[in-house]
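> Please see the structure below; I have some questions.
The values are calculated or read from the model by the stated rules, or taken from the named source; none is laboratory data. The shown structure was predicted, so the numbers you read here are calculated from the model rather than taken from an experiment. Here the Cβ is made from the backbone with ideal geometry for all residues, glycine too, and neighbour counts use every protein chain on show.
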Amino acid sequence: MAINQEIEYKQLLSEDQYNEIKKAFFSGQKPFTQTNFYIDTPNFELAEQLMALRIRQIDNNYEMTLKVPAKVGLTEYNHETEIVPEEGLHIQPEQLPDDIYSVLQKNNINFKQLDILGSLTTHRIETKIKEGLLVLDHSEYLDTEDYELEFEVENPEIGLKKFQEILKEFNIKSEIPKNKVARFFEAKSK
């Protein structure tokens, strides 16, 4: 189990911008694939509170993560899980790790109605630079594809400055995108 503070900057990209950044920062690197299975109630109680619950699959490893808004960034609760996710699977309250159960209960989430509502597959490339972890994602979900640059940092001021420099270098106008889970649920509701 791990509790982390996540501070990251994100930018949606066109396919051409994605390829330019890939060539500049990730030359020769092969992406790895991960699939996020998103969990919420039928009326999206978690999403309404800007929280996200998922099970991430990389190969045959599964991790349950709850993301909760914090003063700066997000607080993440991460746990290995034995749950093999699939769309429509109901998550029993006793399958939730204690701290995730507590947070959901404290926020009045009806954790008895948690279901896996769908999945998003990401082909990800990562590289460390001095200021943080630069991440390039190509995601596929619900007949949709998108491209995104993420920059995970420890120092928000230094990280933001470097992220803005990278965007400027590629002549990309900075626009804060919705996160993956919000984009997924938006596509699902159409």
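> Return a yes/no flag: does the range 181-190 have any residue that is of a type outside the set (Gly, Ala, Ser) and over 20 Å from the mean Cα position of the chain (by Cα).
yes
> Scan Thr122, Thr127 and give me the residue that is of a type in the set (S, T, N, Q), surrounded by 15 or more Cβ atoms within 10 Å (Cβ to Cβ) and either within 19 Å of Gln17 (Cβ to Cβ) or modelled with pLDDT of 95 or more (or both).
The conditions single out Thr122.
> Do we have any residue at all in the range 134-157 that's assigned to a strand (DSSP E or B), of a type outside the set (Gly, Ala, Ser) and over 18 Å from the mean Cα position of the chain (by Cα)?
Looking only at the range 134-157, we keep the residues that are assigned to a strand (DSSP E or B), and these are 134-141, 144-153.
Filter again for of a type outside the set (Gly, Ala, Ser), leaving 134-138, 140-141, 144-153.
Adding the requirement that they be over 18 Å from the mean Cα position of the chain (by Cα) leaves none.
Looking through the range 134-157, none of the residues is assigned to a strand (DSSP E or B), of a type outside the set (Gly, Ala, Ser) and over 18 Å from the mean Cα position of the chain (by Cα).
> Still on this model: Given the condition among the small types (Gly, Ala, Ser), more than 18 Å from Gln5 (Cα to Cα) and in a loop (DSSP other than H, G, I, E, B), answer yes or no: does some residue in the range 73-85 qualify?
Checked the range 73-85: no residue is among the small types (Gly, Ala, Ser), more than 18 Å from Gln5 (Cα to Cα) and in a loop (DSSP other than H, G, I, E, B).
> Which condition from (1) touching a helix residue (DSSP H, G or I) at 6+ places or on another chain (Cβ under 9 Å); (2) surrounded by 13 or more Cβ atoms within 10 Å (Cβ to Cβ); (3) closer than 24 Å to Ala187 by Cβ; (4) without any contact (Cβ under 8 Å) to a residue 40 or more places away in the chain is the one that Thr144 breaks?
Only one criterion is unmet by Thr144, namely (4).
> Look at the range 39-90 and say how many of its residues are of a type in the set (S, T, N, Q) and without any contact (Cβ under 8 Å) to a residue 24 or more places away in the chain. Walk me through how you get there before you give the answer.
Going residue by residue through the range 39-90, those that are of a type in the set (S, T, N, Q) are 41, 43, 49, 57, 60-61, 65, 75, 78, 81.
Imposing the further condition that a residue be without any contact (Cβ under 8 Å) to a residue 24 or more places away in the chain reduces the set to 43, 60-61, 65.
Total satisfying the criteria: 4.
> Filter the range 109-129 down to residues that are assigned to a strand (DSSP E or B) and of a type in the set (Val, Ile, Thr) and give me whichever is farthest from Val181 (Cα to Cα).
Of the range 109-129, the ones assigned to a strand (DSSP E or B) are 115-129.
If we keep only those that are of a type in the set (Val, Ile, Thr) as well, we get 116, 121-122, 125, 127, 129.
On the way: Ile116: 12, Thr121: 11, Thr122: 12, Ile125: 19, Thr127: 23, Ile129: 26 Å.
Top of the filtered list is Ile129.
> Which residue pairs have Cβ atoms closer than 6 Å, lie 6 or more positions apart in sequence or on different chains, and pair a first residue in the range 175-188 that is closer than 14 Å to Glu148 by Cα and without any contact (Cβ under 8 Å) to a residue 60 or more places away in the chain with a second residue that is among the aromatic types (Phe, Trp, Tyr) and surrounded by fewer than 16 Cβ atoms within 10 Å (Cβ to Cβ)?
No pair meets every condition.
> Within the range 158-172, which residues are assigned to a helix (DSSP H, G or I) and not charged (D, E, K, R)?
Listed by number, the residues that qualify are Ile158, Gly159, Leu160, Phe163, Gln164, Ile166, Leu167.
> Name the residue that is surrounded by the fewest Cβ atoms within 10 Å (Cβ to Cβ), counting only residues in the range 34-67 that are of a type in the set (Asp, Glu) and in a strand (DSSP E or B).
Glu63
> To continue, here is another question. Tell me whether the range 175-185 contains one or more residues that are closer than 18 Å to Tyr62 by Cβ and touching a helix residue (DSSP H, G or I) at 6+ places or on another chain (Cβ under 9 Å).
Yes; the residues of the range 175-185 include at least one that is closer than 18 Å to Tyr62 by Cβ and touching a helix residue (DSSP H, G or I) at 6+ places or on another chain (Cβ under 9 Å).
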